[in-house]
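Chemist: One structure, as structure tokens, below. Some questions next.
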Amino acid sequence: MTASQFSSTRLARAKAILRQHVERDVREGGIPGLVALVSRRGEVHVEALGVSDLSSATPMGRDAIFRISSMTKPITAAAALILVEECKLRLDDPVDPWLPELAGRRVLRRLDGPLDDTVPARRAISLRDLLTFRMGFGQLMAPPDAYPISRAAHERQIGMGAPQPSALPAPDEWLRRLGELPLMAQPGERWHYNTASDVLGVLIARCSGQALPTFLRERLFDPLGMQDTGFSVPEHAASRLTTSYFNDFQTGELAVYDPVGGQWSHPPAFPSGAAGLVSSIADYYAFAQMLLDHGRHNNQRVLSRAAVELMTSDQLSVEQRALGGLLPGDFDHQGWGFGVSVVTRRQELSAPVGSYGWDGGLGTTWVNDPSEGVIALLMTTRLWTSPRRPPVALDFATAVCQALEG
């Protein structure tokens, strides 16, 4: 393919940079294997490097399937917007009729206070609160026993850590357990990570009258041709599922987080709208391209232009951004739309204002840049060690940016 949208020399540089990360010793941060995609206005380049499994040394294939963890969140948000477009849900209506377990909320007086030291919620939780992560509850960057509320959440196994599909109960029981706990903040007050997307998945299922996997399959995956995306990997595709690795902080060695026949080898009791999906680079590209094309795919409309614009616009106030995200400074140059991060101020070579996307802590990252018509996708077999992007993701983003022509 003639590189008209990219510099061929600089694309080669990008590949060499990724190869360095794969060839680096895994004890020094090396990546066992990865698949990377960059596209611009119809021109697509894909590279598969390394291996999908260290023990068998199976070469990485372009059709490899990865656990995309939090890159599930944008998909769940898009699914909710389908129901908004059908007038089955409204953004600012309370979700109480569908989720009575979350009605009549109590709110902690202070985050580190006892669970019974609460005040009434000033209002009900809305769909907008779920989409923008302002429902008043979520993951905290602190040890599980740092606060009474975080300890209680971990004890109830409602998904406060890394994705573990086999550890979560079925949706009704999951929501019942969540409903036992007070909120960490008033609805609409501030941003809290993760839990809202899981609540959103339960809401979609109850409102649509279909299980979340069925709704996603019929309304998003089949229309977009995403045949490798789901909450588990069918037996016929198991050979394409990569092994997932993490850094064992005690030994310093790379260890298996989830093997090929592990937690994603069978349908989970709880299909997590926050972090439950597996996908391939080609599948997620179809979803990303649909958003970049204002909701259309192969001349068919999946979402309205208005829904995509709303989803990819910053929804946080100045005051809410000042309260911070997962880590201090997270919102100094970015905000939050519906299930996606949105760049609000350029401070990196690779992050123009208006670009959007999200990462998956099990080793994936995605960015759409509407100003340049660029999609960048990276899927790896190694867990991130922090909410901050690791060197391989940072270098990939820079390499994509420097390779653009025109």
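Chemist: Determine the dipole magnitude for the range 76-208: charges of +1 sit on the beta-carbon of Lys and Arg, -1 on that of Asp and Glu, nothing else is charged, the reference point is the Cα centre, and the result goes in debye to the nearest 20. Walk me through the numbers on the way to the answer.
Modeler: Details: 16 positive and 17 negative charges, 53 e Å.
Charge dipole, the range 76-208, about its Cα centre: 260 debye, nearest 20.
Chemist: GNM on the chain, C-alpha springs below 10 Å: top fluctuator among ALA306, ALA274, ALA80?
Modeler: Result: ALA306 has the largest fluctuation of those listed.
Chemist: Right, something else. Averaging sequence separations of C-alpha pairs under 8 Å and six or more residues apart, then dividing by the length of the range 76-208, give the relative contact order as a whole percent. Let's see the in-between values first.
Modeler: Numbers: 210 pairs, mean separation 47.2, N = 133.
Once normalised by length, the contact order is 35 percent.
Chemist: Using Cα-Cα distances under 8 Å and only pairs 6 or more residues apart, what relative contact order does the chain have, in percent?
Modeler: 23
Chemist: Counting Lys and Arg as +1 and Asp and Glu as -1, each charge on the Cβ, what is the dipole of the chain about the Cα centre in debye, to the nearest 20? Provide the component values of the computation, followed by the final result.
Modeler: Details: 39 positive and 44 negative charges, 111 e Å.
Dipole of the chain, to the nearest 20 debye: 540 debye.
Chemist: Alpha carbon centre of the range 9-45 versus the range 257-304: separation in Å?
Modeler: So the separation of the two Cα centres works out to 22 Å.
Chemist: Suppose the chain between THR214 and ASP92 were pulled fully straight at 0.36 nm per residue; how much longer would it get relative to their current alpha carbon spacing?
Modeler: This chain segment gains 41.4 nm when fully extended.
Chemist: Could you tell me which residue out of THR72, SER341, ALA103 lies farthest along the dipole of the chain toward its positive end? Charges go on the beta carbon: Lys and Arg +1, Asp and Glu -1, centred on the Cα centre.
Modeler: With unit charges placed on the Cβ atoms, the residue in question is SER341.
Chemist: For a footprinting-style exposure proxy, rank LEU362, LEU11 by other Cβ within 10 Å, fewest first.
Modeler: Fewest to most other Cβ atoms nearby, the residues stand as LEU11, LEU362.
Chemist: Okay, next question. For the range 253-406, evaluate the Debye formula with one uniform point scatterer on each Cα (no solvent term) and list log10 I(q)/I(0) at q = 0.10, 0.17 Å⁻¹, rounded to two decimals.
Modeler: Computed log10 I(q)/I(0) values: -0.41, -1.16.
Chemist: Another one. Using only Cα positions of the chain, each an equal point scatterer, no hydration layer, compute I(q)/I(0) via Debye at q = 0.12, 0.14 Å⁻¹ and quote the log10 values to two decimals.
Modeler: Summing over Cα pairs of the chain leads to -0.94, -1.31.
Chemist: Dipole size in debye (nearest 20) for the range 1-156 around its Cα centre, Lys and Arg Cβ +1, Asp and Glu Cβ -1?
Modeler: The calculated dipole for the range 1-156 is roughly 480 debye.
Chemist: Please name which of ALA274, PRO234, GLY373 has its Cα lying farthest along the dipole of the chain towards the positive end, using unit charges on Cβ (Lys, Arg +1; Asp, Glu -1) and the Cα centre as origin.
Modeler: Sorting the options by dipole projection puts first GLY373.
Chemist: Distance from the Cα centre of the range 337-406 to that of the range 50-101, in angstrom?
Modeler: 18
Chemist: Could you list which residues have their amide H under 5 Å from that of GLY357, counting only those 5 or more apart in sequence or on another chain, with H placed in the peptide plane?
Modeler: Counting only residues 5 or more places away or on other chains, the set is SER341, ASN368.
Chemist: Suppose only helical runs count, i.e. DSSP H with n ≥ 4. What mean residue ellipticity at 222 nm does that imply for the chain under -39500 (n - 2.57) per run, divided by all residues and rounded to the nearest 500 deg cm²/dmol?
Modeler: -8000 deg cm²/dmol
Chemist: Ok, one more. Expressed in whole Å with the largest first, what are the equivalent ellipsoid semi-axes of the range 76-208 derived from the C-alpha gyration tensor as the square root of 5 times each eigenvalue? Walk me through the intermediate numbers first.
Modeler: Values: eigenvalues 109, 59, 31 Å².
Sorted largest first and rounded, they come to 23, 17, 12 Å.
All of the numbers you see were taken from the coordinates with simple rules; none came from a lab. Note that the coordinates shown come from a computational prediction; the quantities given were computed from them, not determined experimentally. All Cβ positions, even for glycine, are placed from backbone atoms using ideal geometry, and neighbour counts span all protein chains on display.
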